[in-house]
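No value in this document is a laboratory result; all are computed from the given coordinates. Predicted, not measured: the structure shown is a model, and the values here were computed from it. Cβ placement follows ideal geometry from the backbone for every residue including glycine, while neighbour counts extend to all protein chains displayed.
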Amino acid sequence: MHEHEWESLVKETLTRYADAHRDRIATLEYEIVEELPERRPNPHPRWGFALAGAVAVAAIFVIGLWVGLHLSVAPCSDPDVLCLVYPHAQSVSVAAQFTLWEPVPMNGPDRSGVWWIRLPQEIKPGRYEYGFIVDGTRWVYDPRATEFVHTFDDKINSVLYIAPRGEQP
Amino acid sequence: MKRLVSLLVLSICVSWIGVEAQPTPEDVYKCFVELGVSDLQTLQTAFAKGFADKRITPDTALKLCQRLKQSAAPISLREGVLQIIGRALLEELPVTMLVDKAFEGLTKGIPLDVINDDLLERKTTLGEVKTLLASKGVTIGLTIRFGAVTLTLTLEVVDTTITEAAGALEDYVRGGGKLDDANAIKSAVQLRLSRNPFIPQTLTSYIDQTVSAAEWAQIAQNIAKRLKKP
């Protein structure tokens, strides 16, 4: 049998089949459309998953933040970090020449009661006096400092040296 | 074309906002008026000179004025802080230490009469150090030759040197250092100068060779007298 004869035969058979089932084919589209809502997935469970996911992410963030602040260890070995051990303080700020003596809140306390703050990157090399303010009123010097000076009413300031970038202080 | 005009207008607005963000001398004078100073003219003249000489910035002066506005002390005491700094500016003294101590005192809640006394005392020390160093030729424009190194002093370097030397002497006396140990006093000054990265080593060496221990000790003793330290 030649190819064109084969094609004619297939076409003729399909035409006959279509004529025989004309009624069913006419309603086929409606049947499919009617079935669609039943097969469409229910959107509510997905919203639920999204909500649960968001809550989980928020919980991880809050727990991470809490762990970061309370259970972590302050990076006091970093020379660019100022630290003060004061476990019972409600708040600790640093005031320094490089902040124009404006108190800047410190992070903490960590699990050992250490409060800490990283020195700003833009700070110029030089000598700076500073101190800590505990609970908004009490002036405390830094016992880790290597130099101290007496100021007003014999209050004591700590001194730190910022070396030019790439040099040891 | 419309886009180009919009972009131009936006650029002008952004640059105008940028300019506005930096306080001007006029902002400072306005703050003085709001503070209620009695001698605005003198303050304005002094701070205008300070801004021109770059010994103080309008930003720092405005912050100081605003901090003084928050104080509950009598206006005469609050104005006193500005007047002392203003006089130092007119006398061409560096004011970094005075401004710094004013901020520190305000933060620590030190009474303003105590702050003013402290500033006056330190201003006197700055003047004495400036006079001593000037007598050795350490002034703006001085050219020092040390071996192969030639150094011409700028206002910033001279001011920093005066500030550090005066600060070292003040700290020495206030810290209870021995006033009869002239060598220890000189060492304290030299150490402070050598640790400041803005003061060239050549200048530190020059001062070491030209200023005697007795000369530094004399200023330390003057400080002790003013502070009534034994």
**Request:** Could you state the orientation-averaged shadow area of the convex hull built on the Cα atoms of the protein assembly as shown, in nm² to one decimal?
**Result:** 42.7
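Decide, for the stretch B:164-218, between rounded, prolate and oblate: order the square roots of the alpha carbon gyration tensor eigenvalues as a ≥ b ≥ c, take rounded if a/c falls under 1.5, and otherwise choose prolate if a/b is larger than b/c, else oblate.
Values: a/c = 2.70, a/b = 1.46, b/c = 1.86.
Because a/c hits 1.5 or more and a/b fails to exceed b/c, the stretch B:164-218 counts as oblate.
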**Prompt:** Between the stretch B:174-230 and the stretch B:60-107, how many Å separate their Cα centres?
**Reply:** 26
**Item:** Among B:134-146, B:91-103, the order from most to least packed when residues are scored by Cβ within 10 Å on average
**Value:** B:91-103, B:134-146
**Message:** Between helix A:22-39 and chain A, what is the angle of the helix's C-alpha long axis to the longest principal axis, kept within 0 to 90° and rounded to the nearest 10?
**Reply:** 20
**Item:** Square roots of 5 times each gyration tensor eigenvalue, C-alpha, the stretch A:81-162, largest first, Å
**Value:** 19, 15, 11
**Inter-chain shielding of A:93-105 (mean C-beta neighbours from other protein chains, 10 Å cut-off)** = 3
**Message:** Treating only the Cβ of Lys, Arg, Asp and Glu as charged (+1, +1, -1, -1), what charge dipole size does the stretch B:57-136 show about its Cα centre? Round to the nearest 20 debye.
**Reply:** 160
**Prompt:** Among A:Tyr130, A:Ala96, A:Val85, whose Cα sits farthest toward the positive end of the charge dipole of the stretch A:81-162 (+1 at Cβ of Lys/Arg, -1 at Cβ of Asp/Glu, about the Cα centre)?
**Reply:** A:Val85
**Message:** Under the rule of at least 5 residues apart or a separate chain, name every residue whose amide H is placed under 5 Å from the amide H of A:Val81.
**Reply:** A:Leu119
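Would you mind classifying the stretch B:20-92 by shape? Square roots of the alpha carbon gyration tensor eigenvalues, ordered a ≥ b ≥ c; an a/c under 1.5 is rounded, otherwise it is prolate if a/b is larger than b/c and oblate if not.
Values: a/c = 1.78, a/b = 1.19, b/c = 1.50.
Because a/c hits 1.5 or more and a/b fails to exceed b/c, the stretch B:20-92 counts as oblate.
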